[in-house]
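Report on one structure; see the data block that follows.
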Amino acid sequence: FSTITLPLFSELHLHWYKQVNGKNIKIIPSNISDLLTPIAIAYWIAGDGSYHKRDGVVHIATHGFEKVEVQLLMEILLVKYNLNSTINI
């Protein structure tokens with residue numbers, strides 16, 4: 001069994017992961033503000049989100065990120081798109 005990969009995926013991996021003690025750790029890229037477009041947010045919710053009808057809110061899983069990274073995402077959502085968010089533990 002073999003597969004091929006596009007060079008684009010290798011480039012994306014360099015931006016979204018770093019090596020720590022031989023393990024790949026998911027990180028927020030330094031240019032996330034540029035990357036977080038309305039379409040990107042829609043894909044993000046489709047992949048890692050869910051809508052809670054009772055509360056009228058969307059939850060997005062960010063468990064793989066450090067708290068400071070999640071706070072950065074929250075700030076970008078507020079500043080760029082006027083979307084309020086909270087951290088739920």
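Values as computed for the structure displayed
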| item | result |
| --- | --- |
| Members of the range 48-71 found to be open to solvent by less than 60 Å² (accessible area, probe 1.4 Å) and either basic (Lys, Arg) or assigned to a helix (DSSP H, G or I) (or both), listed by number | Glu69, Val70 |
| Every pair of residues 6+ apart whose Cβ atoms lie under 7 Å, when the first sits in the range 75-89 and is open to solvent by less than 80 Å² (accessible area, probe 1.4 Å) while the second is small (Gly, Ala, Ser) | Ile76/Ser33; Leu77/Ser85 |
| Residue within the range 18-40 that is at pLDDT 95 or above, surrounded by 13 or more Cβ atoms within 10 Å (Cβ to Cβ), of a type in the set (Asp, Glu) and in a helix (DSSP H, G or I) present | no |
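Conditions tested, residue by residue: (1) of a type in the set (Ser, Thr, Tyr); (2) within 10 Å of the chain's Cα centre (by Cα); (3) on the phi > 0 side of the Ramachandran plot.
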{"site": "Glu11", "(1), (2), (3)": "no, no, no"}
{"site": "Lys18", "(1), (2), (3)": "no, no, no"}
{"site": "Ser33", "(1), (2), (3)": "yes, no, no"}
{"site": "Asp48", "(1), (2), (3)": "no, yes, no"}
{"site": "Gly64", "(1), (2), (3)": "no, yes, no"}
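The values are calculated or read from the model by the stated rules, or taken from the named source; none is laboratory data. Keep in mind that what you see is a predicted model, and the values were worked out from it rather than measured. Counting neighbours? That spans all protein chains shown, and the Cβs are built from the backbone with ideal geometry, glycine included. Areas reflect the complete protein model, heavy atoms only, side chains present, ligands, DNA and RNA absent. Shrake-Rupley method; radii C 1.70, N 1.55, O 1.52, S 1.80 Å.
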